[in-house]
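The values are calculated or read from the model by the stated rules, or taken from the named source; none is laboratory data. Remember, it's a predicted structure, so these values are computed and weren't measured experimentally. Counting neighbours? That spans all protein chains shown, and the Cβs are built from the backbone with ideal geometry, glycine included.
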Amino acid sequence: MMNLDDLRRLDPKQIGSWPVLPKLGVLLLTFAVIITGSYFLDWQDQIEAIDAAKRTELALRDTFIEKKKQALNLDAYRQQLSEIEKAFSTLLKQLPSKSEMEALLTDINQAGLGRGLQFELFKPAASEVVSDFYAELPITIRVTGSYHDLGAFASDISKLSRIVLLNDVNLMLAKDTGLAMDAVAKTYRYLDEEELAKQKKSTKDAAAKK
């Protein structure tokens, strides 16, 4: 078996005449140097590129699976959209048009008179509050009557074919008529085509200024 002195006496120029073990050691060392050099000079970039490609493949696979699920559920989505559109159409029908607003105001007034109430104040706002596709008209009211009749009036308002909401309700004693009720009745109407176009233009102009 070779010792340290034997290794020192080996001639680097005469590697071919070395014993088997030293030759094998030099071969393994040379191989390790080649492998290490190849990794840092070339293989590292290739390995990183392969890893990046694998990550991209996984992301694309996830995207494909998600798109496939959406495609399989497309009919269900269409059915949901159809149901939403029907529900929206039903709600929209509960909003009067511009020409029907006067009749709706009359209905509110008649609902109170039909219950024997006295209107001390019935004042629609000077201007409507316009939203994306509808306009809101607040009406300040004060009616007087018995507690039972006031409750029946509020119930009648909620049952109107058009949407009318009572807000800021306040009950107080009245001198000779039992109770007085202050409230803001809010009615809504949908915008006509001309108003919708104007509203869209206004929204678009406001967004452009930002």
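For Glu193, state whether it is exposed (fewer than 11 other Cβ atoms within 10 Å of the Cβ), charged (D, E, K, R) and either farther than 19 Å from Glu100 by Cα or at pLDDT below 90 (or both).
Judged against the criteria, Glu193 is a match.
Tell me which residues, restricted to the stretch 129-138, are touching a residue at least 60 places away in the same chain (Cβ under 8 Å) and surrounded by 14 or more Cβ atoms within 10 Å (Cβ to Cβ).
The answer is Val130, Phe133, Ala135.
Taking the stretch 164-187 as the region of interest, how many residues are without any contact (Cβ under 8 Å) to a residue 12 or more places away in the chain and not charged (D, E, K, R)?
2
Within the stretch 139-156, count every residue that is assigned to a strand (DSSP E or B), of a type outside the set (Lys, Arg) and buried (at least 16 other Cβ atoms within 10 Å of the Cβ). Write out each step before concluding.
Pass one, the stretch 139-156, residues assigned to a strand (DSSP E or B): 139-145.
Retained after the next criterion (residues that are of a type outside the set (Lys, Arg)): 139-141, 143-145.
With the extra rule that they be buried (at least 16 other Cβ atoms within 10 Å of the Cβ), the set shrinks to 139, 141, 143-145.
The total comes to 5.
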